[in-house]
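Q: Quick one: this structure, given as structure tokens, is what I'll be asking you about.
Just so it is clear, none of the values below were taken in a lab; they were calculated from the coordinates. This is a predicted model, so every value here is computed, not measured. So basically every Cβ, Gly included, is an ideal-geometry build from the backbone, and we count neighbours across all protein chains shown.
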Ligand code: FDA
């Protein structure tokens, strides 16, 4: 048949890709195609059920990427989950809706991304959001908010589920945590996140089903004649035409679909939104990356950007569980976001100075482990910003989720700002082969130390009244595995063999100036190309204190406006 040709070709119909597809197809004079490896999950109960978290894990809508052996973390491989469906990872995630600290976003501009700061991004958080004001039952159960932090007209439904956990739990947590100096925070979505909160979720409160990128941004618009989704189709690599003005020009994308291989042509732009474990891989397969890596697989170098696939930053998740003295139903969950000082108490200033004196070593270690692809001075700048956030700005240093459910009261937690940095790189020129994913969990002693100290903090909370009245014995890890008053190193040993990925990978195609190791510029365009962008979690240069989707929706909204300005304004 005749070749498929569109103005914009988006690779990946996930969280970010569907926002961009929606907004670009608002320009009626332009055609937009989305290439998505997965299929529709509109009627998949593992997706829609608001209490079904985890049921899709290991099914055919979970990429379940396997990491390399984690040499700093006991040697085992880890599974990194990601959604393979129209809607991407938003169809399998935990639905928590929390943003970021203001200063965290402001750092994007301070490192050289002109125009990207909290003030410029905030309107896009609101543009994407369709906040559902909680009803009186939900307010009684702890739903709390400042309306000025929320957008009520956007496509993405944000709110609380119909069935909420018994309203007596939150005051118990508050009375307990305030003794540990963690304050109550009515609404963490205004850029100040420290405290105990009952945050909203991406949920359709009336229908009581999951809200995801497809329900918000795609299905209501699927009949637009200039918007086409090409599902069950894997993008392999970008196809190049002749250079223009010394820049590489993408003319389309080579794909493998149900009927075999073909090229989907793009007359304007190719936008990669395949997620932070895939977009950089597609760049490498297309000849954009570190020449040392590309040469190994006989891939001609189109653009030399040694940092493609570097700067991988994820978090590590562990948990403690207690037998409950009551029976609980409903959701969502309560989160506590303590600062380093609240976690470490009086030890914090000693810790701060020892970390400060380690930053140069951290930079050296990460640079070496990237074979020099990431430069020490750039890492040092990033680590200094991170240090300042933790110890001067006192942003949250961990998130602790409290989960009273059924006969147990458990908790999950993850330190928010690890110093460890990893990478994802191809191991073959064949796009069907998996990449080498190495987050380097616990690369630095401090990342393990905080994993241990948050566990100690949680045990202390469960030993403190009134929370202690709600629970009986600790069954995980339990006092046999980690005795009362165990040393930090006993907790660290436990954490090393009892953690998982927190599924928040970012940074593999960082938005930074090219001289600072960036892969995309502040218009999210890949350096050295005329018309290739990356818009997904890959471009976040640094990890965030919030869960990722709220910020990804906002970034994709803002990026869509940047693109549209080039074509219609
Ligand atoms: P996303 O993964 O959404 O989209 C990428 C798309 O590209 C997918 O649809 C994929 O199938 C497709 N694709 C990949 N390769 C392709 C190829 N070669 N060809 C064609 N298509 C391809 N966040 C949050 O805010 N709150 C939460 O509670 C949680 N909880 C959570 C739990 C779990 C289990 C996970 C795995 C993740 C979370 N997260 C989360 C994180 C959050 O969901 C995640 O960071 C974003 O959804 C990622 O959005 P992206 O747009 O980057 O990629």
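Q: Only counting other Cβ atoms within 10 Å, I'd like 542, 218, 327 sorted with the fewest neighbours first.
A: Neighbour counts put them in this order, fewest first: 327, 542, 218.
Q: For region 339-377 and region 61-96, what is the centre-to-centre distance using only Cα atoms, to the nearest Å?
A: Cα centres, region 339-377 to region 61-96: 26 Å.
Q: Relative to the compact globular guide of 2.2 N^0.38 Å, what is the alpha carbon radius of gyration of region 83-167, as a ratio?
A: 1.31
Q: Still on this structure: Fewest to most neighbouring Cβ within 10 Å: what's the order for 279, 267?
A: Fewest-to-most Cβ neighbours within 10 Å comes out as 267, 279.
Q: Grab the Cα-Cα distance for residue 564 and residue 360, subtract it from 0.36 nm times how many residues apart they are, and report the gain in nm with one decimal.
A: Extending this stretch completely gives an extra 69.3 nm.
Q: Cα-based Rg (one decimal) and Dmax (whole number) for the chain, in Å?
A: Using the Cα atoms of the chain, the pair Rg, Dmax is 22.9, 71 Å.
Q: Continuing with this model, one more query. So what are region 482-569's ellipsoid semi-axes, whole angstrom, largest first, if each one is the square root of 5 times an eigenvalue of the alpha-carbon gyration tensor?
A: In descending order, the three semi-axes are 39, 15, 9 Å.
Q: Still on this structure: At a Förster distance of 56 Å, what's the computed FRET efficiency of residue 267 paired with residue 43, Cβ-Cβ distance as r, to 0.05?
A: Once rounded, the FRET efficiency stands at 0.95.
Q: Extension gain residue 163-residue 79, at 0.36 nm per residue separation less the Cα-Cα distance, in nm?
A: So the chain would gain 27.2 nm between residue 163 and residue 79.
Q: Cα convex hull of region 184-310: how many Å³ per residue?
A: Hull volume over Cα atoms, normalised by residue count, gives 207 Å³.
Q: Can you tell me the 0 to 90 degree angle between the C-alpha axis of helix 488-497 and the longest principal axis of the chain, rounded to 10?
A: 40
Q: At 0.36 nm per residue, minus the direct Cα-Cα distance, what do residue 479 and residue 225 gain on full extension? Give it in nm, one decimal, please.
A: 85.3 nm
Q: Let me know the shape class of region 49-106, please: from the alpha-carbon gyration tensor, a ≥ b ≥ c as square roots of the eigenvalues, rounded when a/c is under 1.5, otherwise prolate if a/b is greater than b/c, or oblate.
A: oblate
Q: Which FRET efficiency value, to the nearest 0.05, is calculated for residue 133 and residue 463 with the Förster distance at 30 angstrom and r the Cβ-Cβ distance?
A: About 0.20, to the nearest 0.05.
Q: Using alpha-carbon pairs under 8 Å, 6+ residues apart, how would you state the relative contact order of the chain in percent?
A: Once normalised by length, the contact order is 21 percent.
Q: Return the distance in nm (one decimal) between the two label points of a simple spin-label model at residue 292 and residue 26, each offset 7 Å from Cα along Cα→Cβ.
A: Here the modelled spin labels are 4.4 nm apart.
Q: Mind checking the angle between helix 169-179 and the chain's longest principal axis? C-alpha axes, 0 to 90 degrees, to the nearest 10.
A: Taking Cα atoms only, the helix is inclined about 80 degrees.
Q: Compute the acute angle (0 to 90°) between the alpha-carbon long axis of helix 15-24 and the principal axis of greatest extent of the alpha-carbon atoms of the chain; round to the nearest 10°.
A: Compared with the principal axis, the helix lies near 50 degrees.
Q: Turning to a different aspect of this structure: Shape of region 334-477 from its Cα gyration tensor (a ≥ b ≥ c, root eigenvalues): rounded if a/c is under 1.5, otherwise prolate when a/b > b/c, or oblate?
A: Taking the square roots of the gyration eigenvalues as a ≥ b ≥ c, region 334-477 is oblate.
Q: So what's region 132-186 giving for Cα Rg divided by 2.2 N^0.38 Å, two decimals?
A: 1.31
Q: So, one more: Quick check on the chain: helices-only [θ] at 222 nm, where DSSP H runs of length 4 and up contribute -39,500 (n - 2.57) each and the sum goes over total residues. Nearest 500, please.
A: Estimated from H runs of four or more residues: -7500 deg cm²/dmol.
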